[in-house]
Structures are given as C-alpha cells and as structure tokens.
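A short write-up of the structure that comes next.
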Protein chains: 2
Amino acid sequence: MTSNRQIVLVNKPDGVPAREDFALREAPLPEMPAGGVLCRTRFLSLDPYMRSQIAGRHPSGTVAPGEAMRGETVSEVLRSDAPELPAGRLVRCMGGWREYSAHAAGEARLLDEEITPPSYALSILGMTGLTAWAGMVWQAKVREGDCVLIPAVTGAVGSAAAQFCALRGARVIGIAGSQAKCRFAEESLGVEACINRHTEDIDSRLKQLCPAGINVYFDLIGGGLLQTACTHLADHGRIVLCGLMAEYNRPERDPGPPPGLLIAKRAVVSGLVVYDFEARRTEYIRECLALLRAGKIIQREDVSQGLESAPEAFCRLMRGENFGKLVVAL
Amino acid sequence: MTSNRQIVLVNKPDGVPAREDFALREAPLPEMPAGGVLCRTRFLSLDPYMRSQIAGRHPSGTVAPGEAMRGETVSEVLRSDAPELPAGRLVRCMGGWREYSAHAAGEARLLDEEITPPSYALSILGMTGLTAWAGMVWQAKVREGDCVLIPAVTGAVGSAAAQFCALRGARVIGIAGSQAKCRFAEESLGVEACINRHTEDIDSRLKQLCPAGINVYFDLIGGGLLQTACTHLADHGRIVLCGLMAEYNRPERDPGPPPGLLIAKRAVVSGLVVYDFEARRTEYIRECLALLRAGKIIQREDVSQGLESAPEAFCRLMRGENFGKLVVAL
C-alpha cells in the first residue's frame, strides 16, 4: 500500500465514450484529514449521470480531462480518527474510480449491517432504488390500475421502479434492448409486457398494449421516446423526468414535448433529482428492506471485476449493453 | 325578425386572419327544438381559442370555411318551451357569431341576476375568469411570496390571473404589448412591474426583476417565451400551460422546454383545460363576486359594437391589439 491506482479521464469524448478515453494512473495515497478516515474501495457504482459530468452538464460538477472519475463507493475503513467510523467497518462515500480514498467524518456514512450484500447500498438500497421510489411512489403516486411505462426496464432504476409499481397494483409496460432483457423483465420484474426497442415498433406496440393510454411515464431517456410516450398519455397522465440517456452522448439538447399536446392531455410533468430525497433515505431503506426480506423484489447486478475493468464496463453501460445494475468489485 | 345575420368563415387563413377571411351572411331563423328556447344574442365573447378551431386543432371541434363561427354568448330568451328559461331572461349559451340562436333546454344556462353587467358572464365571472382562478389558485396554488410571471397581462385571462395572484400576496411580474398596457397593469392590476415585449429585452429584465427566480409561470403564449421563462424558473417552479398564442397563427407546433432544464429546476409543468372545472363554476362565481363587490378586482372590457364588427375585432385580438376582454355587443 504505497500508491493508489485510479482511473483518469484522458479525453472528453464527443459521442459514446471508448475505453481509450480513460487511463489507469498511479497516484500518491490520499492524505487522511484530521478526524477523518482512510478507506479502501470495495464496490464502485457506475451510473449514466457520469457521462453528464464528463460533458459538463451535471449539477454535481464536471470531470475534466486529466481528472479522476468520480463515483459512489462502498469502502472499507482502513484507518480512522472518527470514533463513529471504526476501522474494519464498511461505509458509503464518494470514493471515486480509485483504490483508496480519504474523507472527513461527515463525508462517509456507516453502512447499515442489514444491507447485504453490501453492494446493494449502491443499487436497490441506495441511490438507484431511492430514485425509483421517489419517482414512482412519492412523486407520481402510482396506484392500483395505473398503466405505467418504464424504459430501460432492466437497468438499475428501471428494474426497481417496475417492481415497486407492480407491487402497488399497476400494469407495468417495459422497454428494453434485447430479447433476453425483455424475457427477464416479464418473468422476474412484474412487467406485463416488455417491448424490444431494437426489433419492435414502440409506437404501434403502445397502441396495442395501452389502448386507454399511459397513466405514468417514468422518463429515464428523453429524446424521441419522450415524444412518443406523450402521444400515448391518458388524460391527466403523469410524466416524471429523471434521466436523459438519449442525449448523454451528444452535444445537443433535445426539446421537450409540444405544450399543445401537454395541454390537450392535461399532463403533469415533473423533474426529479434524487438528491432532494436524501432526508428520506432511511425511510426508504426501511420500506425496501421489508420487501427484499419478504422476497417481493430482487436486484440483478452486473458485476465487473477489478478497477481496471471500470472503463470498459462504463462504455458498455453507455452502449446499453449492461444487464442489471453495474457495479465494479475491487 | 325574418332572417338571421351571421358571420361565416370564408377562407382558412395561413397566418394572422384578415377581415376578408370572414363574411356577413343571411341565414334562416333557427328552428326552436321541442322544449327549448329561441334566443337573441346580446354579447358575444371573442377568444384566442377560436383561431385554433379554425386551424382544426382545438378539442372542441373545427370551424371549416363556409361554416358560421362559434362562440359563447349572453343571449336573451325570446321564445321558450322550457319553464326554467322564461322569455325575457338572459342566458349563457354557445350562440355563435349570429343574431339569433336556438337551443335545447340543457344547452342554455340562466344567468345569475347578480352578474352585472351581464357581459361579465363571458369574462371575469365566466370562462376567462374561471381559467385564471383554476390555473393560479387551484392548479399552481399560488401563495404569499411567490414570484409569478404572467404574459398578455392585460388580456382577459392574464388580467384576472394577475389580480388573483396579487390578492394572495404574490409578487406579480407582467408582460404586455404597449406602454399604455404596462401602465394599466401596474396601476390597476396589482402588477409590480410590467415588461413591454416590443421595447424591452424580456430575458435581461427577468434577470433584474426576479433574481431569485420565477416560482409560477402562467403560460398563455407557448413559443420562445415559454423557453425563456423556463430558464428563469426557481427550483421547484410551477408552470401552468394554458394557451398557445405564439403558435395559433402558424401551422407548426413549437417544441417544449428541454427535459434536462426541467429536471435541473425540479419543475412541475401541468396542462390546464378550463372545461375540466365546469363543476366548480358556481364555487368560483361565489368567490369572485365577493371580490368584485368589495372592489378588490376589476374587469376591463374592450367592447366592439355590432355583429358586423366581429371579424375586425377578432383580427385585432389576433394581432394583440385588444385592450381588455374582447366582447361584441349586439
């Protein structure tokens, strides 16, 4: 333990990032702040918003070429000056794409020991699960009988959202990028029908599947799919805007649906930023742990081994080739 | 009383309509349905949505060339087979741009005699007032301290909305099309500052006037102004989509604000169709009558004399040249 391997952005990509846009670099071990902790990364979360940080369009800040990639991690405390964060325990922190990280005491949270496997603190019991719950339960207030459309339905947020909606008695229609993903969504996530976006026409499938219209659309995508979903919205339909996968890899920003269409539908469209729900994380974890223990929901993980695998894993995520929540195990 | 003069659409305009797109035609007196009423029009309401009917884009139906223009009227009952609608009383009905109209009993509503002048049943105590109340009070839930932006602020809906918001303790910023309108808004409608859209730069004025952002935008316009308003929205700002003046006179439909912007602002955007609030009209009239009687709100009317003046008055409305709620007195 004399140096700290980390993944650095070396080139700001124009489109879908490639492995060569990142490089493994050695760095000195970080200084432990007074009263803080030194941690070793055990699991690193890879998420679409990171592409937005690279593009300089994310509220959490920009990652410029030459800088190490950021990200949430489950890390083990190696050395501690913080009595509430003892050595040997696991914490959740913004460790980044690196082996070791140092944090002030307030910047690392002790992991609830009920969270097993600990990587779930980055998915169903972490940010992506909280995003799904905040969007579908708190914001859209999905209820029995709602017809809910969820794109990227086997992804981290989509798969949690689908299960939460199905448990509340909604009809869930999913969209995914392969036959295997569609089968998984229908067999394991409570999705009534899943549309394969590469082989099926979404517009005509929605006409068949939702003749009375979509009550809730969880927008993780933006782009043309948002427009299509709007035309299938039922009167008083709700749209929760959450992600922009369709535009992360290009410089332009897509316009939204025409206001005339939203008026005609009496639509309610609301933007969701998960950070706003941080104060309710404990409440969410309690609800979700009960569902997990009762076997009512599952979390599929797509685990990539070793820090050096992170760039290729992230590129797979950006190409839509992950299958479940992407986590790098170190 | 042997024939019925009416205004017919003779040509479907591409852009802003001209007087020549309409013609005065004689028609036979309408047949009174069994159990119904024959009415003479006293006041005809002219409203922007009529342009959308001409364009074939309005949910209430299309007016095609050769057909008489439609519209809400305050009419006097001349002959009646309906005991609840006695001859001599005033009713509110869809009389259209004509002198006489006939209605089944269920299609005309007796005017509350408290509504004086009776033309107010077409404005502050009618559809445009109800639109303003539904949008600002029921839908956006405007409250003390909100900064509210209202375009077309001396128009029928805008002027009611401005006063309702000011009475609830909101800071109201208006936009209007002339210095005289801006002065009227500031002196008589409770508007703190009114931007002249022809002589001032709206973007930079909003920066000055609303440094902490806009909490509520009442969108009566669509187009570029909706985009501009969005960039000035405060976090958790609310947008009520209601009108599309910017696109009524052209065939294209404008796109909406980019979803990424709405996410960053945690915006809530909702479409408003006043017909949905018909069941609450009486509740609204009670609230509004109390405000009128207490001298807390006013209604400025732009009254055009004679049925033959309706085409030019409507064209003025479409050019933004009306000053107050446009009514034709017959």
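The values are calculated or read from the model by the stated rules, or taken from the named source; none is laboratory data. Everything quoted here is computed from the prediction, not taken from an experiment. Positions of Cβ are generated from backbone atoms using ideal geometry, with glycine treated the same way; all protein chains shown enter the neighbour counts. Areas reflect the complete protein model, heavy atoms only, side chains present, ligands, DNA and RNA absent. Shrake-Rupley method; radii C 1.70, N 1.55, O 1.52, S 1.80 Å.
Tabulated results
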quantity: Local electrostatic count at A:LEU225 - Lys and Arg +1, Asp and Glu -1, tallied over other residues with Cβ under 14 Å; calculated: -4
quantity: Estimated [θ] at 222 nm from DSSP helical runs (n ≥ 4, -39500 (n - 2.57)) normalised by residues in chain B, nearest 500; calculated: -7000 deg cm²/dmol
quantity: Lysines whose Cα lies under 16 Å from that of A:LYS181, excluding same-chain neighbours fewer than 8 positions away; calculated: A:LYS325
quantity: Taking segment B:127-275 and dividing mean pair separation by its residue count, relative contact order in percent (alpha carbons under 8 Å, at least six apart); calculated: 21
quantity: Formal net charge of residues neighbouring A:ARG281 (Cβ-Cβ distance under 12 Å; K, R +1; D, E -1); calculated: -1
quantity: Selection of GluC sites (Glu not before Pro), segment A:218-318, meeting DSSP coil and at most 10 other Cβ within 10 Å; calculated: A:GLU252
quantity: Whole-number Å³ per residue for the convex hull built on Cα positions in segment A:83-165; calculated: 129
quantity: Inter-chain shielding of A:263-275 (mean C-beta neighbours from other protein chains, 10 Å cut-off); calculated: 6
quantity: Accessible area buried at the B-A interface, both sides summed, 1.4 Å probe (Å², nearest 100); calculated: 2100
quantity: Farthest toward positive dipole pole in chain A [+1 Lys/Arg, -1 Asp/Glu at C-beta], among A:ALA34, A:GLN299, A:PRO48; calculated: A:GLN299
quantity: Packing-based order for B:255-264, B:112-121, A:104-113, A:147-156, using average beta carbon neighbours within 10 Å, highest first; calculated: A:147-156, B:255-264, B:112-121, A:104-113
quantity: The protein assembly as shown shape via C-alpha gyration tensor axes, a/c threshold 1.5; calculated: prolate
quantity: Cross-link partners of B:LYS265 among lysines (Cα-Cα below 17 Å; sequence separation of 8 or more within a chain); calculated: B:LYS207
quantity: Chain A: relative contact order as a whole-number percent, Cα under 8 Å and 6+ apart; calculated: 18
quantity: Estimated FRET transfer efficiency when R0 is 25 angstrom, pair B:ALA294-B:LYS141 (beta carbons, to 0.05); calculated: 0.65
quantity: Dipole magnitude of the protein assembly as shown, debye to nearest 20 (Cβ charges: Lys/Arg +1, Asp/Glu -1, about Cα centre); calculated: 320
quantity: Pairwise label distance in nanometres, A:LEU110 with B:THR199, each label 7 Å out on the Cα-Cβ vector; calculated: 6.7
quantity: Nearest-ten-degree value, helix B:156-167 long axis tilted from longest Cα axis of chain B; calculated: 50
quantity: Cleavage-rule hits, GluC sites (Glu not before Pro), segment A:7-43, DSSP coil, Cβ neighbours within 10 Å at most 16; calculated: A:GLU31
quantity: Gyration tensor (alpha-carbon) shape descriptor, segment A:232-330, a/c threshold 1.5; calculated: oblate
quantity: Estimated FRET transfer efficiency (A:GLU252, B:ALA34; beta-carbon r; R0 56 Å; 0.05); calculated: 0.35
quantity: Prolate/oblate/rounded label for segment A:127-275 (Cα gyration tensor, a/c 1.5); calculated: rounded
quantity: Fraction of the pair-distance distribution of chain A above 28 Å, Cα-Cα pairs, percent; calculated: 41
quantity: Cut-off under 5 Å, modelled amide H: who pairs with A:ILE195 long-range; calculated: A:GLY174, A:ILE175, A:ALA176
quantity: Rounded FRET efficiency, nearest 0.05, which uses the C-beta distance separating A:LYS207 from A:GLU321 and R0 of 30 Å; calculated: 0.55
quantity: Net charge of Cβ neighbours under 15 Å - reference B:ALA264; Lys, Arg +1; Asp, Glu -1; calculated: -1
quantity: Surface per residue (accessible, 1.4 Å probe) for the protein assembly as shown, Å²; calculated: 39
